[in-house]
1. If you scan the range 273-289, which residues turn out to be of a type in the set (Gly, Ala, Ser), in a helix (DSSP H, G or I) and more than 13 Å from Phe316 (Cα to Cα)?
2. Any residue at all in the range 204-220 that is closer than 30 Å to Gln334 by Cα, surrounded by fewer than 16 Cβ atoms within 10 Å (Cβ to Cβ) and modelled with pLDDT of 90 or more?
3. Restricting to the range 262-309, name every residue that is under 27 Å from Phe216 (Cα atoms) and in contact with a Lys or Arg (Cβ under 6 Å, 6 or more places away or on another chain).
4. Could you check, for the range 240-262, whether at least one of its residues is assigned to a helix (DSSP H, G or I), under 30 Å from Ser202 (Cβ atoms) and of a type in the set (Val, Ile, Thr)?
5. Being in a helix (DSSP H, G or I) and either modelled with pLDDT under 85 or buried (at least 18 other Cβ atoms within 10 Å of the Cβ) (or both) narrows it down to one of Ala143, Ala117, Ala163, so name that one.
Amino acid sequence: MFETWDQFRDVLTSRTILGLPLLRWLVFLGLVVLLASVIRVGLGVARIRLRRLADRTKLPYDDYLCQVVDHTWTASIFAFAAFIALYFVELRGGPGRADTVERTVRTLALVVIFLQAGRWGMGLIDEALRHGFRFANFSETAAQTAHGVVRFFALAGVWTIVAILILGSFGIEITPLLAGLGVGGVAVAFALQQILGDIFCSVAIVLDKPFEVGDFIISGEHMGSVEHIGVKTTRVRSLGGEQIVFPNSDLIGSRVRNYKRMLERRVVFSFGVLYGTKAETLEAIPKVVREIVEGQDQTRFDRAHFAKFGDSSLDFEVVYYVLSPDYNLFMDIQQAINLALFRRMEELGVGFAFPSRSLYVEGNARPFRTEVLLREGSRPRGGDGA
């Protein structure tokens with residue numbers, strides 16, 4: 001193809017791409033490939049050594065470095081190599097487009113490097129949150145609740161910085177832009193104050209932890225298990241199966257009953273016996289109830305009293321504690337108590353009362369029988385059926 005070396009050299013020096021000799025482009029690309037290969041080999045060696053170090057220690061620093069190495073893109077390696085190569089090979093040397101070639105290559109390399117830095121920041125944030133929640137003794141559900149909200153704000157900050165750096169690499173003045181954003185931010189804050197209120201309430205939920213994912217809560221007329229705590233809303237799965245979406249500001253501004261935080265359940269129930277029950281039997285009933293309650297597992301008896309004279313019954317009130325927040329366990333225990341109480345009342349010959357009314361008829365009233373009432377009740381009224 002080329003008869004002599006001089007002809008080949010003339011081609012390399014005479015032919016141009018974007019105003020630069022072909023030889024300079026080949027030298028630049030060769031240096032980029034060489035530097036990228038060195039960086040790639042260095043990262044491979046670092047990955048092996050860091051993995052061994054991470055297996056031997058419990059410190060988080062080696063995990064952070066492993067995140068940096070593992071999340072390094074091939075494109076960013078070549079971009080970093082090109083950025084370094086520009087210090088050794090000038091891509092300027094002619095009029096016209098050649099003056100902008102080096103600036104364009106440098107800018108594109110910086111954009112890729114800044115994006116890589118943002119990706120490293122994401123990995124470091126995830127590792128920092130994981131170790132931070134563990135160090136702060138967060139439970140698994142609490143860490144799950146806090147992770148999403150804190151990660152959102154942290155990533156927003158990281159990518160905001162990356163965006164500012166990228167704009168600066170294109171030669172855009174950052175100071176006037178930030179000033180404009182400050183003024184515009186006030187207007188946006190007024191327009192989006194409800195949304196911003198929900199966002200800041202999510203931070204309050206994460207920090208104060210009134211409830212976590214998996215907790216059973218009641219807010220107003222709604223109840224259910226918390227499925228997800230987001231930046232703006234909290235999703236709750238109701239007992240009926242449907243999903244209820246609460247704005248975070250509504251939950252922070254209302255009274256929330258959290259049954260997951262219940263250590264033990266206080267139970268109050270009452271029952272009534274017939275007015276014909278003897279006083280000695282009434283005095284023995286609280287002792288019988290105490291024996292029944294104390295005979296159940298995971299219960300603590302508090303009191304049982306003949307509380308009041310009801311309209312149609314002699315009423316007893318019983319208070320005891322279930323030593324578990326589990327609702328199904330509470331219902332099993334209450335059922336066992338009710339059945340045992342029913343059997344003991346049968347043994348004592350005591351009947352349970354039910355609402356009733358007594359009708360007293362004066363002596364001068366006309367006597368009548370049920371048949372008369374039925375016959376009179378079935379008689380048509382007015383003109384119906386005539």
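The values are calculated or read from the model by the stated rules, or taken from the named source; none is laboratory data. What you see is a predicted model; the values in this text were computed from it and never measured. Counting neighbours? That spans all protein chains shown, and the Cβs are built from the backbone with ideal geometry, glycine included.
1. Keep residues of the range 273-289 that are of a type in the set (Gly, Ala, Ser), which gives 276, 279, 284.
From what is left, the residues that are in a helix (DSSP H, G or I) are 279, 284.
Correct list: Ala279 only.
2. Here is the first cut: in the range 204-220, the ones closer than 30 Å to Gln334 by Cα are 210-220.
Okay, now just the ones that are also surrounded by fewer than 16 Cβ atoms within 10 Å (Cβ to Cβ), so 210, 214, 218, 220.
Now narrow it down to the ones that are modelled with pLDDT of 90 or more: 218.
Yes, the range 204-220 has at least one match.
3. Phe301
4. Applying the first criterion (assigned to a helix (DSSP H, G or I)) to the range 240-262 yields 248-253, 259-261.
Remaining after also requiring under 30 Å from Ser202 (Cβ atoms): 248-253, 259-261.
Now restrict to residues that are of a type in the set (Val, Ile, Thr): 252.
Yes.
5. Details: Ala117 fails: either modelled with pLDDT under 85 or buried (at least 18 other Cβ atoms within 10 Å of the Cβ) (or both); Ala163 fails: either modelled with pLDDT under 85 or buried (at least 18 other Cβ atoms within 10 Å of the Cβ) (or both).
Result: Ala143 is the single residue among Ala143, Ala117, Ala163 that is in a helix (DSSP H, G or I) and either modelled with pLDDT under 85 or buried (at least 18 other Cβ atoms within 10 Å of the Cβ) (or both).
For every residue, the table says whether it meets (1) out of contact with any strand residue (DSSP E or B) (no Cβ under 9 Å at 6 or more places or on another chain); (2) of a type in the set (A, V, I, L, M); (3) surrounded by 10 or more Cβ atoms within 10 Å (Cβ to Cβ); (4) at pLDDT below 95.
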{"residue": "Phe301", "(1), (2), (3), (4)": "no, no, yes, no"}
{"residue": "Ala304", "(1), (2), (3), (4)": "no, yes, yes, no"}
{"residue": "Tyr327", "(1), (2), (3), (4)": "no, no, yes, yes"}
{"residue": "Asp332", "(1), (2), (3), (4)": "yes, no, yes, no"}
{"residue": "Leu339", "(1), (2), (3), (4)": "yes, yes, yes, no"}
{"residue": "Thr370", "(1), (2), (3), (4)": "yes, no, no, yes"}
{"residue": "Leu373", "(1), (2), (3), (4)": "yes, yes, yes, yes"}
{"residue": "Asp384", "(1), (2), (3), (4)": "yes, no, no, yes"}
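Per-residue answers, yes or no, for (1) surrounded by 15 or more Cβ atoms within 10 Å (Cβ to Cβ); (2) more than 43 Å from the chain's Cα centre (by Cα); (3) at pLDDT 90 or above:
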| site | (1), (2), (3) |
| --- | --- |
| Thr277 | yes, yes, yes |
| Leu282 | no, yes, yes |
| Ile292 | yes, no, yes |
| Ser313 | yes, yes, yes |
| Arg343 | no, yes, yes |
